[in-house]
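Okay, structure first, notes after.
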Amino acid sequence: MENAEVSEAQTESTIRPVGPGRPEKKNRVETADRPAAATHDAADRLDVLIVGAGPAGLHAASTAQDLGLSHLIVDRRGVAHSFVEYPQTLRFFSPADEMEVGGVPFPTRGGDKPTREDILPYFRSVVRTRKLCLAVWQRIASIERDDAGFLVRTLSEPDGDAEYAYRSRTIVLASGVWDVPARLSCPGAGLPHVLSRFDEPTEYCGMDVLVAGGGNSAVHAALTLAEARARVTLAMRRSPAPYQSHLRPFVVRDLEMAVDEGRLRLVTGAIAARVEPQTAWLQPADYDPLHPAGGVPCGDPYPVPARFVFALLGQRADPTLFEQLGLALDIDGRPQRDEQTFETGVPRVYVAGSLAGKSIDVIVSARDQVAGVIRRIAERIGHN
Ligand SMILES: Cc1cc2nc3c(=O)[nH]c(=O)nc-3n(C[C@H](O)[C@H](O)[C@H](O)COP(=O)(O)OP(=O)(O)OC[C@H]3O[C@@H](n4cnc5c(N)ncnc54)[C@H](O)[C@@H]3O)c2cc1C
């Protein structure tokens with residue numbers, strides 16, 4: 001819900017381009033919700049530049065504000081872009097109070113768990129209520145280190161026709177892991193009916209659909225497709241016992257109920273071996289996450305009808321930004337960091353939110369982690 005108290009009329013912030021040879025023209029911060037706090041001039045150094053306007057970035061900015069640090073959030077898309085991309089029909093597993101950020105209350109009708117349609121206006125209301133400073137629809141073109149921190153240059157998205165530059169003492173990367181979908185590696189994986197994002201089930205009504213994947217997103221998609229009367233096979237690499245430990249309890253309950261009632265077919269201990277038009281071949285396999293195929297084959301492949309295949313195998317962060325900063329990466333694609341301070345191998349660059357670790361990939365955990373990072377930054381630069 002929008003915060004009715006917040007006026008639509010807001011002040012504008014100006015950013016003066018910095019760097020040799022740049023004209024003294026003023027660029028406007030392109031922001032969905034223009035900040036009323038401190039008109040910011042990039043020639044003055046920010047205390048913290050936050051990359052990513054998801055829940056972690058919004059909470060980081062709010063915490064910085066509470067501690068008297070100047071901040072700017074840069075996002076290559078709009079506010080909470082990952083949530084914009086989540087399925088339209090999604091109802092979150094967390095209650096609303098566990099998804100609050102920046103100390104802004106998140107009431108839902110009847111105390112229900114929030115849906116995607118609840119949370120998108122909520123995140124907009126956080127930006128307005130907290131008067132956060134945003135530079136959205138800007139992609140980072142370069143990051144240079146200088147004596148006192150960083151010079152970050154950005155280009156407007158999607159055309160790249162405007163340039164901006166910001167100096168900051170520190171950088172917090174809160175850019176999430178919702179960037180590059182993991183893809184099937186079997187023959188036929190690149191066919192047009194193999195999809196890596198699920199949005200809305202209606203157009204698959206009456207279709208044979210294979211959903212490959214064992215996470216909460218794959219199960220949500222399979223259940224939603226089955227509800228929309230698609231004929232669904234859900235194939236997981238794990239065998240029954242481990243898949244249960246991997247999923248939220250209520251997701252397991254809903255899945256098992258759907259299987260018992262014959263609303264969908266669940267196949268465990270199987271990997272996609274080949275995709276053809278109309279058919280996918282599944283290979284029985286003993287689950288092994290270290291095996292390149294995700295399991296050791298143990299039987300003959302068999303066909304399942306599949307007019308469409310949803311390969312919902314998880315997401316990884318886009319490494320481009322990390323390459324610009326020269327960050328070493330873990331096997332899961334997250335930047336290597338100190339597990340206590342969350343500082344990366346590049347001094348004064350920190351990670352926050354889902355990018356900081358798989359165990360932090362829920363908002364209630366990210367809040368504490370992010371706040372800790374910002375407190376450490378405040379201590380470091382003498383704002384405590
Ligand atoms: C289907 C699904 C259901 C979920 N349900 C829940 C739930 O019920 N409860 C819960 O707590 N969590 C849930 N989660 C997890 C939750 O969404 C994440 O924990 C959360 O989004 C992580 O927040 P974040 O701010 O770290 O990253 P994100 O929300 O991914 O935000 C990252 C932001 O960074 C921007 N960005 C990315 N790369 C760059 C770049 N190079 N430059 C500039 N900007 C960039 C993106 O545009 C985005 O706006 C769910 C996730 C999924 C997929």
| query | How many residues are within 16 Å of the ligand (Cβ to nearest atom) and assigned to a strand (DSSP E or B) when one looks only at region 184-201? | reply | 1
| query | Mind checking which residues of region 162-183 are modelled with pLDDT under 95 and away from the ligand (no atom under 16 Å from the Cβ)? | reply | 183
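Condition first: small (Gly, Ala, Ser) and within 19 Å of residue 318 (Cα to Cα). Now tell me which residues in region 124-159 satisfy that. Outline the logic, then answer.
Filtering region 124-159 for residues small (Gly, Ala, Ser) gives 125, 135, 141-142, 148-149, 156.
Matches in region 124-159: 141, 142, 156.
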| query | Which of the residues that make up region 328-384 are among the hydroxyl-bearing types (Ser, Thr, Tyr) and in contact (Cβ under 8 Å) with a residue 24 or more places away in the chain? | reply | 341, 344, 350, 354
| query | Hey, does region 309-322 have a residue that's aliphatic (A, V, I, L, M), farther than 28 Å from residue 268 by Cα and either in contact with a strand residue (DSSP E or B) (Cβ under 6 Å, 6 or more places away or on another chain) or surrounded by fewer than 22 Cβ atoms within 10 Å (Cβ to Cβ) (or both)? | reply | yes
| query | In region 352-363, what residues are part of a helix (DSSP H, G or I), at pLDDT below 95 and in contact with a helix residue (DSSP H, G or I) (Cβ under 7 Å, 6 or more places away or on another chain)? | reply | 359, 360
| query | Of everything in region 84-118 that's within 11 Å of the ligand (Cβ to nearest atom) and touching a helix residue (DSSP H, G or I) at 6+ places or on another chain (Cβ under 6 Å), which residue is nearest to residue 203 (Cα to Cα)? | reply | 89
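Considering only region 150-162, how many residues are assigned to a strand (DSSP E or B) and farther than 16 Å from residue 49 by Cβ?
Restricting attention to region 150-162, the residues satisfying the condition of being assigned to a strand (DSSP E or B) are 150-156.
Filter once more, keeping what is farther than 16 Å from residue 49 by Cβ: 156.
Within region 150-162, residues that are assigned to a strand (DSSP E or B) and farther than 16 Å from residue 49 by Cβ number 1.
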| remark: The lone condition residue 76 fails out of (1) more than 9 Å from the ligand (Cβ to nearest atom); (2) within 21 Å of residue 175 (Cα to Cα); (3) in contact with an Asp or Glu (Cβ under 9 Å, 6 or more places away or on another chain) is (1)
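Does residue 346 count as in contact with a helix residue (DSSP H, G or I) (Cβ under 8 Å, 6 or more places away or on another chain), part of a helix (DSSP H, G or I) and more than 10 Å from the ligand (Cβ to nearest atom)?
Here the answer is no, as residue 346 does not meet what is asked.
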| remark: Within region 132-150, the residues that are surrounded by fewer than 18 Cβ atoms within 10 Å (Cβ to Cβ) and under 16 Å from residue 46 (Cα atoms) are 144, 145, 146, 147, 148
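Considering only residues that are outside any helix (DSSP H, G or I) and modelled with pLDDT of 95 or more, look in region 87-114 and name the one that is surrounded by the most Cβ atoms within 10 Å (Cβ to Cβ). Please lay out each step first, then the result.
Filtering region 87-114 down to residues outside any helix (DSSP H, G or I) leaves 87-95, 100-108, 112-114.
Checking which are modelled with pLDDT of 95 or more leaves us with 100-106, 114.
Numbers: 100: 20, 101: 25, 102: 21, 103: 13, 104: 18, 105: 12, 106: 19, 114: 21.
Looking at the filtered set, the residue picked out is 101.
Quick grid of which residues meet (1) surrounded by 15 or more Cβ atoms within 10 Å (Cβ to Cβ); (2) under 16 Å from the mean Cα position of the chain (by Cα); (3) not assigned by TED's automatic domain parsing to the domain that holds residue 50:
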position	(1), (2), (3)
330	no, no, no
342	yes, no, no
346	yes, no, no
349	yes, no, no
353	yes, yes, no
357	yes, yes, no
363	yes, yes, no
368	no, no, no
375	yes, no, no
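It is to be established whether one or more residues within region 372-382 are within 16 Å of the ligand (Cβ to nearest atom) and either touching a helix residue (DSSP H, G or I) at 6+ places or on another chain (Cβ under 8 Å) or over 30 Å from residue 94 (Cβ atoms) (or both).
Quick first cut of region 372-382, residues within 16 Å of the ligand (Cβ to nearest atom) only: 372-374.
Subset that is either touching a helix residue (DSSP H, G or I) at 6+ places or on another chain (Cβ under 8 Å) or over 30 Å from residue 94 (Cβ atoms) (or both): 373-374.
So far as region 372-382 goes, yes, one or more of its residues are within 16 Å of the ligand (Cβ to nearest atom) and either touching a helix residue (DSSP H, G or I) at 6+ places or on another chain (Cβ under 8 Å) or over 30 Å from residue 94 (Cβ atoms) (or both).
The values are calculated or read from the model by the stated rules, or taken from the named source; none is laboratory data. Note that the coordinates shown come from a computational prediction; the quantities given were computed from them, not determined experimentally. Cβ coordinates were reconstructed from backbone atoms using ideal geometry, including for glycine residues, and neighbour counts include every protein chain displayed.
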